[in-house]
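To start, the structure itself, in structure tokens.
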Amino acid sequence: MAFGFRGVTFAKRRPIDLAERLAHFPREGLPLKAPVLVHWDEHQIPFLEAEHDEDLAVALGVLHVHLRWGQIEMMRRLALGRLSEMIGPAGIKIDHALRALGIARTAAAIMPLLPEQTARWLKCFIDGINHAIEHLPKMPPEFRILGIKREHWRVEDVLALGRLVSADVTWLSLIPLLREKNEALVLEIWRRLVGLNRDRAERAPSGRLLRRGLDQFAGLSWSGGSNSFAIAPSRSESGAAMLASDPHLAATIPGPFLIAGYKSPSFHLVGLMIPGLPFVALGRNQWISWGGTNLHAASSELFDISDLPLEEITERRERIRVRWWRDRSVAIRECAYGPVISDLKIIPRKKGRTLALSWMGSKPSDEFTAMLRLNQARNWDDFKAALTLFAVPGQNFTYADVDGHIGKLIAAKLPKRPLAPPHSPILPLSFAAHWQNSVTAADLPAIFDPAEGFIASANERPSGFPVSVGYLFSSNNRIERLKFLLGHKHRHSLADIGGIQRDISVPSSREIRDELLQSLRSAKMLENETARHLARELEAWDGNYSANSRGALCFELFFFLVALKTSGSKRLSLYAKGWNAWELMREDIASATLEQRERAVRKALPVLARRLKNFHVWGDMHRLRLRHFAGFFPIIGRRFHFLDWPAAGNSETVLKTAHAPTDRRHAVRLATTARHISDLADLDCNYFVLLGGQDGWLGSTTMLDQVPLWQKGDYIPVPLSLEAVRRRFSIHMELKP
């Protein structure tokens, strides 16, 4: 597949084919007890066979460096607050914030919690990472640009990376609210977001580096958004349970997952791994399959500590190494309620107000043991027991097994707080008492073998729980669409499941369309040529967001422009940082007077006419752009941009291509970065595809080779049985002690 880099000299080099990439894989003198076999397919997807668990962990460490050295090194430096070492003074604010969160200190505190088996597994994984770092003949080409040198890893680094990807996604909404000076507006939007002031929502459908850098930092989290669902044998054409997942994260190259399979005495599974972490996050073993979505749990809370005595606040200083500049010493203040985040420059401090952040991720917990035990689970009881250890980030885990059972549970550690949401995002210290007791997956209700024969999860607001799980959730559009698609057909095939993952319809958009048409007619604008054309397009539109849809373009433009004239740009910019922009925009239009709506329509039409001269279909405006992780850095970022193509879907479709409300050409913020389907009728009936490719090496032919498959809706079969692996994966390699 042809691709290019903007302004990078190494882009002009010849493509690096699979044979050349694998020729550099370290094969001799590894810290192994016995040889390890690695089978590769044409997409550079590996399956590893090891006689010993420890050898498997070593081989996985080598594998992750081989495929994603550049990515995991940048993620490690982010986790440790060392961004400034790569990009200079522009990274100081983020480094200060990350160090205030204390990720590295938390990683050190986790070490004593690890059972011997987990500690040994991580140590062997690190041995593999360091062996690869020492013996790979070349460093990734971006290291030269970012000033990165070979540097050994520690177990604490992997633990810190695990905390980095456990960031609380609610921060993306809270930080813009904290920046806003209009306190009344902040309180109004907050109360609407958390479900207070619902009288305004009766018509609702469901009842510059640093800002972009922080968005991408949160986008690394286990899922900014996702879909996952399972169907029982009664609804499956194969007569067995099936499970499907598609995590939604930032569209970066390399992507947030790699595909792998492996077998040792204790492990036999295939799935999606997070680069730098030695377990399968989503996938299947011989007995069960699992997926997940981000819970959007409120695993953190902001406390007003303005009246806290100064002697209860401590201060430490840390030195930040800065590329091309003097090193910077930063002060970090802490108290019993967490770091004082109002000291950080990413959050402008308001006079007389001091804020502390309590985050479950700052407390030691052992997600690594939880995931390793999940990877070995044989039934629902094993699955539940493993996830009682899981604290952050809060997840909805879906489940299916070979005996035909399906289920869903919440895995999180949360304060034991009341169900009623707070009236402000900033809480008084009296609320900190809720953090003295907590709940885990063992305390929260789960769903097992529901009567309807399917389960689904899509970051929706949960119900029926004894404590408040969180405050900020996605709208019901995706979950309602999933339930409809899963329930309207009696039995589903693999093709049906794949079609559901790629669905691009939003039924509620037709309701909003009808309301907008009513406003257009009441404004008596149909003698206007633009208005007549708009009305014809909207009336003919079926609510599908195909990239070549004229109706989707007209609807999105008109909806945004009317909302902009109704709500104002400041409100819309704050709405865009949350998960319910559509609902809030619709509420504003619905609550406006007839005169206000008509005036908004009249003002919107001339702008819409100009936009329709530039854009002809939805994909002209709505773009999916793939860029390297370094593409989000200032100055050098332009050098790491790749593909740009018309995108189907939107923020509310099952095929997620999330974007901020706008009338301009834009790139999606989150996308379906991977897809997985397993039919438990057959060990070898597992299918995966990445938005990109396996390899993170710039110029590799397997860096973007899965993009055409992703676009067409095709999947790569990844078998689990050794017989099928050896037959299907045609390149064989032996790693020797």
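Summary of values
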{"item": "Any hit, segment 546-553, residues being more than 25 Å from the chain's Cα centre (by Cα) and part of a loop (DSSP other than H, G, I, E, B)", "result": "yes"}
{"item": "Count of segment 448-483 residues which are within 29 Å of residue 685 (Cβ to Cβ) and surrounded by 15 or more Cβ atoms within 10 Å (Cβ to Cβ)", "result": "14"}
{"item": "Residue count, segment 1-55 (criterion: modelled with pLDDT of 95 or more and either under 17 Å from residue 641 (Cα atoms) or among the hydrophobic types (A, V, I, L, M, F, W, C) (or both))", "result": "17"}
{"item": "Single unsatisfied condition, residue 710 versus (1) assigned to a strand (DSSP E or B); (2) over 30 Å from residue 35 (Cα atoms); (3) among the aromatic types (Phe, Trp, Tyr)", "result": "(1)"}
{"item": "Yes/no for residue 54 being closer than 24 Å to residue 155 by Cα and either among the basic types (Lys, Arg) or assigned to a helix (DSSP H, G or I) (or both)", "result": "yes"}
{"item": "Residue in segment 643-665 that is out of contact with any strand residue (DSSP E or B) (no Cβ under 8 Å at 6 or more places or on another chain) and in a helix (DSSP H, G or I) present", "result": "no"}
{"item": "From 150, 120, 144, 163, residue being touching a helix residue (DSSP H, G or I) at 6+ places or on another chain (Cβ under 8 Å), surrounded by fewer than 16 Cβ atoms within 10 Å (Cβ to Cβ) and part of a helix (DSSP H, G or I)", "result": "120"}
{"item": "Identity of the residue in segment 690-732, more than 21 Å from the chain's Cα centre (by Cα) and polar (S, T, N, Q), that ends up nearest to residue 267 (Cα to Cα)", "result": "721"}
{"item": "Residue in segment 311-322 that is surrounded by 18 or more Cβ atoms within 10 Å (Cβ to Cβ) and touching a Ser or Thr at 6+ places or on another chain (Cβ under 7 Å) present", "result": "yes"}
{"item": "All helices (runs of 4 or more DSSP H) inside segment 69-111 with 3 or more residues being surrounded by fewer than 23 Cβ atoms within 10 Å (Cβ to Cβ)", "result": "92-101, 103-110"}
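The values are calculated or read from the model by the stated rules, or taken from the named source; none is laboratory data. On a predicted model such as this, the values are computed, not experimentally measured, just so you know. Counting neighbours? That spans all protein chains shown, and the Cβs are built from the backbone with ideal geometry, glycine included.
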